[in-house]
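Chemist: I am attaching a structure below and will ask some questions about it afterwards.
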Amino acid sequence: MTSAVSARTERIRKINVLVPLFITVCACAVAFLAKQAIYQMIFTCLLFILMASLGFMKAGLKFLMVYAVCEVWLRLNLHFGIGFPSPMMFTFIIEFIPIIMPVYLAVQVPSGKLTAGLRQLPIPTKMMLTVIVILRFMPTILSEFSDVKDAMRTRGFLRSPARVLLHPLATMEYVAVPMIFRSLKIADELASSCMVRGIESPYKKQGYYVNKMRAGDVLLMAAFLTATVISLVL
């Protein structure tokens, strides 16, 4: 298990951080502008292949299963006129899963390499820091939510789905209050960490990671760009 994790970490560190960001832009174009749904499905399958090749097959399978279930249920919903749950909700999930998949890969990149990659782009420093904070903050929040859920389960607040459905406001309160306080604490720690590392310094900064563009990175970007153009044109 440890060797698999280390191999996966090594693979994601070798990839240029601009690749998942570029694929995210392509995914946004395909998700919202593709003329036929089949091209969005093919693009999602390509994303799964990419995630599997980088060692994230389990996460890729989860995304793919959710996408497939929502796609099938949406078609059944529209064909039989069920109307519940709302078709709009399934459409929203279907459109955002191809976007979340490359973002998931970008989040797995070490923050130092992510910073090094974004510094290569002609974007303002404040915007770069905003993107970095968003990408690194999401997994932290998910981890905190998992801890809150475990605490609720230990204290008996999640005994059954019926209890959650019968007391929605109480359940929301048990989740929202600790998450708000934890988020405030994480924000303070993040601000302190940024100041200690000289984030306000006007001088050019150096990093440990080198974000080089390799032939494999160029091929990946070309492949997804081609798939995006085909999805938008045909």
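The values are calculated or read from the model by the stated rules, or taken from the named source; none is laboratory data. Bear in mind the structure is a predicted one, so any value in this text is a computation, not a measurement. For neighbour counting, all protein chains shown are included, and Cβ atoms are generated from backbone atoms with ideal geometry for every residue, glycine included. To get the accessible areas, we keep the full protein, side chains included, count just its heavy atoms, and leave off ligands, DNA and RNA. Shrake-Rupley method; radii C 1.70, N 1.55, O 1.52, S 1.80 Å.
Chemist: Normalised by the residues of segment 53-207, what does the relative contact order come to in percent, with Cα pairs under 8 Å and at least six apart? Let's see the in-between values first.
Modeler: Values: 54 pairs, mean separation 24.9, N = 155.
So the answer I get is 16 percent.
Chemist: Before I look further, what does the chain give for accessible area per residue, probe 1.4 Å, in whole square angstrom? Mind dumping the intermediate values first?
Modeler: On the way: 14930 Å² over 234 residues.
Result: 64 Å² of accessible area for each residue.
Chemist: Using mean Cβ contacts within 10 Å as the protection proxy, how do 148-158, 55-65 order, highest first? Walk me through the numbers before you get to the answer.
Modeler: On the way: 148-158: 12.9, 55-65: 16.0.
Listed from highest to lowest mean packing, they are 55-65, 148-158.
Chemist: Provide Rg over Rh for segment 31-72; use the alpha carbon set for both Rg and the Kirkwood Rh (inverse mean inverse pair distance).
Modeler: Values: Rg = 10.7 Å, Rh = 10.7 Å.
When Rh is taken as the Kirkwood radius, the ratio is 1.00.
Chemist: A further question on this structure: Which residue fluctuates most in the GNM of the chain (Cα springs below 10 Å): Met221, Met127, Met172?
Modeler: Answer for the Gaussian network model of the chain: Met172.
Chemist: Over the chain, what percent of the accessible surface lies on carbon and sulfur atoms, probe 1.4 Å? Don't jump to the answer; show the numbers that get you there.
Modeler: Details: 10510 of 14930 Å².
Carbon plus sulfur share of accessible area: 70 percent.
Chemist: Quick one: how many lysine pairs in the chain have C-alpha atoms under 14 angstrom apart, if they're 8 or more apart or on different chains? Display every interim value, and only then the final one.
Modeler: Working: Lys14/Lys113; Lys14/Lys212; Lys113/Lys205; Lys113/Lys212.
For the chain, the number of qualifying lysine pairs is 4.
Chemist: Calculate how large, on average over all directions, the projected area of the Cα convex hull of segment 58-111 is; give the answer in nm² to one decimal. Mind showing how you got there, number by number?
Modeler: On the way: hull surface 15.8 nm².
In nm², the orientation-averaged hull projection of segment 58-111 is 3.9.
Chemist: While we're here: Once the convex hull of the alpha carbons of segment 1-87 is built, what does its volume come to per residue, in cubic angstrom? Provide the component values of the computation, followed by the final result.
Modeler: On the way: hull volume 9.1 nm³, N = 87.
Value for segment 1-87: 104 Å³ per residue.
Chemist: Select one label from (1) 48, 38, 32; (2) 56, 50, 38; (3) 47, 38, 37: the one whose number is Cα extents along the principal axes in Å as derived from the coordinates shown.
Modeler: (2)
Chemist: With springs only between Cα atoms under 10 Å, which of Arg75, Arg163, Arg11 fluctuates most in a Gaussian network model of the chain?
Modeler: Judging by the Gaussian network model, the answer is Arg163.
Chemist: Which residues does a label at Val25 reach in segment 101-127, if reach means a backbone N under 14 Å from a point 7 Å past the Cα toward the Cβ?
Modeler: The answer is 118-124.
Chemist: Determine how large the accessible area of Tyr39 is when every protein chain is in place; take a 1.4 Å probe and give Å² rounded to the nearest 10.
Modeler: Ignoring ligands and nucleic acids, Tyr39 comes out at about 50 Å².
Chemist: Return the single residue from Ser86, Ser160, Ser53 with maximal mean-square fluctuation; model: Gaussian network over the chain, springs between Cα atoms under 10 Å.
Modeler: Greatest mean-square fluctuation among the candidates belongs to Ser160.
Chemist: Report the calculated FRET efficiency for Phe157 and Ala187 (r = Cβ-Cβ distance, R0 = 22 Å), to the nearest 0.05.
Modeler: Values: r = 26 Å, r/R0 = 1.17.
Result of the calculation: an efficiency of 0.30.
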